[in-house]
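Asks: Next up is a structure, given as structure tokens.
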Amino acid sequence: MYSGTTPAVRFGVLAVCHCLILFALWWAYGDAVEGDFVFDDGFAVLRNADVDPSRSGLTALWRNDFWGTPLSSQESHKSYRPLTILTFRLNFWLNLSSPFLQSGGVGEGERCFYELTNNVPSSVAVCPFGFHMVNLVLHGLNSLLVFHVFLAYSQMQRVGDPSASPRLSPLRALFALAAALHFTVHPVHTEAVTGVVGRADVLSTLFMLLAAISYSFSHTENKRARMVANMLTCATMFAAALCKEIGATMFGVLVAYEILFDKRLFRFARMIVGRRKLGRDTRGMLLESVRESLLRLRGPLCTTLFYLLVRAALNGGEQVLRSFRFVENPIPYLESTSARLLSTMQVHSMYFSLLVWPTRLCHDWSYEAVPVVTSLWDIRNLGPLSWYLSLSLFLYLWVHEALLSPPARPAFPPADASASPVSPLAPSAIPSASARPTVSAPRSPRGSPPVRAGVVRARERGGDGEREP
């Protein structure tokens, strides 16, 4: 993946990029390890019986939701994240076995502030240091994976494209480094990294990035490697969904990957959008490419469907998603359909704005932190309108540039290894008088006139060959 440079240079470039990413991580979130349990941390960790080995068995966390309530209960939050709870349980066990934290017992005066003020029913004092450190390490791994994902995809350009250069160029490394640094220090990740319950986000992101990397190897010609890549993709996708429900959307990401990075599908999309007539052979190649893509997506699709079936079975016939209360999400309780639509668009606008200009962050968006929009003439509708127009313009320009513009042609034709160049002044290039030679014109780029410089022509005039430069 990083060929084209010497091993020493590759190692040096990657080492410098990794150090810069880790330095930015510690500079932005290093002080998070000194934090305490705050807000939902107490309910998901300290008050959750599935986290404390002395209060619950290991099998209970596979039947309960994120907060320790059985999924089949009507009071359940319906958030099924057993792998995240398993990491909390591991943190709790390390807290029990660490001599640094539990040497001689922890006195009541050394218990954390949340335990003292909320009368948490825990058998021992829980130190938040280990929980915050794991979140920080996971976010660092995600930042490094983002760097390598951008680096690999910028070099690959299109799957199966022989013109794609695998060289580790400084420009590509700089582009991947900028993307990873932006991901590392973006303020929108603050709650996920510094809050203990945010581990569900960073852990699901970790497995989704691993799924993206493993799926990129499913296009190889090696059958065994392709099978291993598909198995790893399915396993990491399922693990991402078990960390947080957003992991189930990874299938849509892989579909977009097939469309954008498969050279043959991309070329056929250009022909279809450009309304070019497809011949019989072209249609056959298109169907073959679609069939191969569907075969690659077969495993991820079955994994997603299996996850949804498991969720439905664990819910005990109840709905998969929870109906939120009015204080948590007032939009579904609005009577007007237009008001629900305008309020949802306002939330989308807020998400777009936080990605570009994250100045208004909040740890809890419930209790109508985002006021609903009930009128079409509300001035706040300008925000969603501007964002949707910008997104539509970007998609139009991308479709026009990538699908409708003519493909770039090489400045010179590809060299033919089977043909050896012959000088027009060589003896073999001069025709004899007894035979009419067959001389083909040299190749030229498609769409340009034939090149006549140095071409030998022969004419028969009374048996004599005439050479014309």
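The values are calculated or read from the model by the stated rules, or taken from the named source; none is laboratory data. Every value quoted in this text rests on a predicted model; they were computed, and no experiment measured them. In this analysis, Cβ positions are derived from the backbone assuming ideal geometry, glycine residues included, and neighbour counts consider all displayed protein chains. Protein only, heavy atoms only, side chains kept; ligands, DNA and RNA dropped before computing areas. Shrake-Rupley method; radii C 1.70, N 1.55, O 1.52, S 1.80 Å.
Asks: Of all the residues that make up the stretch 217-265, how many are surrounded by fewer than 19 Cβ atoms within 10 Å (Cβ to Cβ) and of a type in the set (S, T, N, Q)?
Replies: 3
Asks: Scan the stretch 266-287 and tell me whether some residue there is at positive phi and either open to solvent by less than 70 Å² (accessible area, probe 1.4 Å) or at pLDDT below 85 (or both).
Replies: yes
Asks: May I pose another question? Could you tell me which numbered condition LEU334 fails, if it satisfies all but one of (1) modelled with pLDDT of 85 or more; (2) surrounded by 15 or more Cβ atoms within 10 Å (Cβ to Cβ); (3) among the hydrophobic types (A, V, I, L, M, F, W, C)?
Replies: In the conditions (1) modelled with pLDDT of 85 or more; (2) surrounded by 15 or more Cβ atoms within 10 Å (Cβ to Cβ); (3) among the hydrophobic types (A, V, I, L, M, F, W, C), LEU334 misses (1) alone.
Asks: Scan the stretch 364-389 residue by residue and report those that are farther than 21 Å from SER336 by Cβ, surrounded by 12 or more Cβ atoms within 10 Å (Cβ to Cβ) and not aromatic (Phe, Trp, Tyr).
Replies: SER366, SER386, listed by residue number.
Asks: For the subset of the stretch 155-176 comprising residues that are open to solvent by less than 30 Å² (accessible area, probe 1.4 Å) and part of a helix (DSSP H, G or I), which member is modelled with the lowest pLDDT?
Replies: GLN155
Asks: If you check every pair at least six apart or on different chains, which have Cβ atoms under 7 Å apart with a residue in the stretch 206-230 that is farther than 15 Å from LEU297 by Cβ and in contact (Cβ under 8 Å) with a residue 12 or more places away in the chain first and a residue that is part of a helix (DSSP H, G or I) and open to solvent by 70 Å² or more (accessible area, probe 1.4 Å) second?
Replies: LEU206/LEU141
Every residue, every condition in (1) in a loop (DSSP other than H, G, I, E, B); (2) more than 24 Å from THR190 (Cβ to Cβ); (3) among the charged types (D, E, K, R); (4) in contact with a Lys or Arg (Cβ under 8 Å, 6 or more places away or on another chain), yes or no:
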{"site": "ARG340", "(1), (2), (3), (4)": "no, yes, yes, no"}
{"site": "HIS348", "(1), (2), (3), (4)": "no, no, no, no"}
{"site": "VAL370", "(1), (2), (3), (4)": "yes, no, no, no"}
{"site": "LEU393", "(1), (2), (3), (4)": "no, yes, no, no"}
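Asks: If we scan the stretch 17-33, do we find a residue that is open to solvent by 40 Å² or more (accessible area, probe 1.4 Å), closer than 19 Å to LEU203 by Cβ and aromatic (Phe, Trp, Tyr)?
Replies: Within the stretch 17-33, not a single residue is open to solvent by 40 Å² or more (accessible area, probe 1.4 Å), closer than 19 Å to LEU203 by Cβ and aromatic (Phe, Trp, Tyr).
Asks: PHE43 versus (1) at pLDDT 85 or above; (2) exposed (fewer than 15 other Cβ atoms within 10 Å of the Cβ): which is the lone unmet condition?
Replies: (2)
Asks: Name the residues in the stretch 81-103 that are open to solvent by less than 10 Å² (accessible area, probe 1.4 Å) and at pLDDT 90 or above, would you?
Replies: Matches in the stretch 81-103: PRO82, THR84, ILE85, PHE88.
Asks: Oh, and also: Quick one: GLU75 ticks every box in (1) buried (at least 23 other Cβ atoms within 10 Å of the Cβ); (2) more than 12 Å from ARG199 (Cβ to Cβ) except a single one, so which number is it?
Replies: For GLU75, the failing item is (1).
Asks: Considering every residue within the stretch 105-119, establish whether at least one is open to solvent by less than 60 Å² (accessible area, probe 1.4 Å), touching a Phe, Trp or Tyr at 6+ places or on another chain (Cβ under 8 Å) and at pLDDT 85 or above.
Replies: no
Asks: Which residue out of LEU361, LEU354, LEU314, LEU321 is modelled with pLDDT under 85 and open to solvent by less than 80 Å² (accessible area, probe 1.4 Å)?
Replies: Answer to the selection: LEU314.
Asks: Can I ask one more? In this structure, does ASN329 turn out to be outside any loop (DSSP other than H, G, I, E, B) and polar (S, T, N, Q)? Spell out the reasoning first.
Replies: Working: outside any loop (DSSP other than H, G, I, E, B): no; polar (S, T, N, Q): yes.
For ASN329, the condition - outside any loop (DSSP other than H, G, I, E, B) and polar (S, T, N, Q) - is not met.
Asks: Could you list, in sequence order, all residues of the stretch 177-216 that are farther than 23 Å from PHE88 by Cβ, open to solvent by 40 Å² or more (accessible area, probe 1.4 Å) and not aliphatic (A, V, I, L, M)?
Replies: HIS182, PHE183, PRO187
Asks: When you go through VAL38, VAL45, VAL51, VAL16 one by one, which is the residue that is among the β-branched types (Val, Ile, Thr), touching a residue at least 40 places away in the same chain (Cβ under 8 Å) and in a helix (DSSP H, G or I)?
Replies: Sole residue among the options that is among the β-branched types (Val, Ile, Thr), touching a residue at least 40 places away in the same chain (Cβ under 8 Å) and in a helix (DSSP H, G or I): VAL45.
Asks: Follow-up question, since we're still on this one. Could you grab me the full set of residues in the stretch 49-72 that are under 20 Å from VAL202 (Cα atoms) and buried (at least 23 other Cβ atoms within 10 Å of the Cβ)?
Replies: VAL51, LEU61, ASP65, PHE66
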